Amino acid sequence: MKPLIAGNWKMNGLAASIAQIESLIAKFDGAVPDDREVVICPPATLVATMATQFSDEAIQIGGQDCHANTNGAHTGDISAAMLSDAGAAFVIVGHSERRADHGENDAIVKAKAKAVLLAGLTPIICVGETEADRKAGRALDIVGMQLDGSVPDTEDEIVIAYEPVWAIGTGLTPTIEDIAEMHNFIRSKVSQGTRLLYGGSVKAKNAEEILAVANVNGALVGGASLQAEDFYPIVMAAPGGS
Ligand code: PEP
């Protein structure tokens, strides 16, 4: 399976930040190698510009969220159809920051994932337990419930990102055994062809070990995706696939 390394810029990035992607492409000697995929999810303000500018270098562009409807009276929201129109190929849905900051539950996440599929794009559906869940030994139960509630029944391509909430932006990561256990569990619930990303404090120093775990088919990277010099070694740490 071809690994997918996705960068989530969150609410970071102005027009000047596009230079980071130019630096990244220079490090790749002009284009992302064929044996891996890279997607950058910048703020919505940069999606169209970046999708146009980087269409030849195999850098794919994604949105960070979308509304479940195609259009309508939803001031400030953006639809999957609009992201598609702007050149996006992927959309992150259900990120824990959306679940926490905007009260998005599994049903909302599933509706958004369906909207992404309807627009012809690939959803990156995020799931993950809190620290309290893990300490209580409930990590698998919680993630199982999130998968049941958030993942649409579809033959179309979807991507699942396992992101323990307590590992996001903290510098903490689960043990390799815990990542392996969770990814094996998720694999048992989704089809063989679905790529499973690990996310949560992936850095150059831990990427190789994490990306070598069975059923880890890539990474969703936040902070370390903002600078080319941090992101490039993570992309290259993934074992190549076809
Ligand atoms: C994320 O926001 O999806 C994420 C994984 O962030 P970080 O890599 O900074 O922990």
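The values are calculated or read from the model by the stated rules, or taken from the named source; none is laboratory data. Treat the numbers as computed from the prediction; the structure is a model and nothing was measured. Side chains included, ligands, DNA and RNA excluded: accessible areas come from the protein's heavy atoms. Shrake-Rupley method; radii C 1.70, N 1.55, O 1.52, S 1.80 Å.
Tabulate in residue order the Karplus-calculated ³J(HN,Hα) for the range 191-198, using 6.51 cos²θ - 1.76 cosθ + 1.60 with θ = phi - 60°, rounded to whole Hz; enter x for Gly and Pro.
6, 4, x, 7, 7, 10, 9, 9
Could you put GLU104, GLU57, GLU177 in order of accessible surface area, largest first, with the 1.4 Å probe and the full protein assembly present?
GLU177, GLU57, GLU104
Where in the chain are the DSSP H helices whose alpha-carbon span along the long axis reaches 30 Å or more and whose Kyte-Doolittle mean is at least 1.0? Please list the in-between numbers first.
Working: long enough: none.
Helices meeting the criterion: none.
Let me have the 222 nm mean residue ellipticity of the chain computed from DSSP H runs of 4+ only, each contributing -39500 (n - 2.57), with the sum over all residues rounded to the nearest 500.
So the helix-based figure for the chain works out to -11000 deg cm²/dmol.
Could you give the accessible area per residue of the chain, probe 1.4 Å, as a whole number in Å²?
On the way: 10620 Å² over 242 residues.
Per residue, the chain has an accessible area of 44 Å².
In the chain, what percent of the accessible surface is made up of carbon and sulfur (1.4 Å probe, ligands and nucleic acids excluded)?
Carbon and sulfur together cover 50 percent of it.
What residue among ALA68, ALA136, ALA58 has the largest mean-square fluctuation in a Gaussian network model of the chain, using Cα springs under 10 Å?
ALA136
Taking only C-alpha pairs under 8 Å that are 6+ residues apart, what is the relative contact order of the range 1-111 in percent?
Values: 156 pairs, mean separation 25.6, N = 111.
That works out to 23 percent.
Just want to confirm a number: the relative contact order over the range 58-170, from Cα pairs under 8 angstrom separated by 6+ residues, in percent. Present the calculation step by step, with values, prior to reporting the outcome.
On the way: 183 pairs, mean separation 29.2, N = 113.
Relative CO of the range 58-170 lands at 26 percent.
Kindly identify the range 128-242 as rounded, prolate or oblate by the Cα gyration tensor criterion: order the square roots of the eigenvalues as a ≥ b ≥ c, call it rounded if a/c is under 1.5, otherwise compare a/b with b/c, prolate if a/b is larger, else oblate.
Because a/c hits 1.5 or more and a/b fails to exceed b/c, the range 128-242 counts as oblate.
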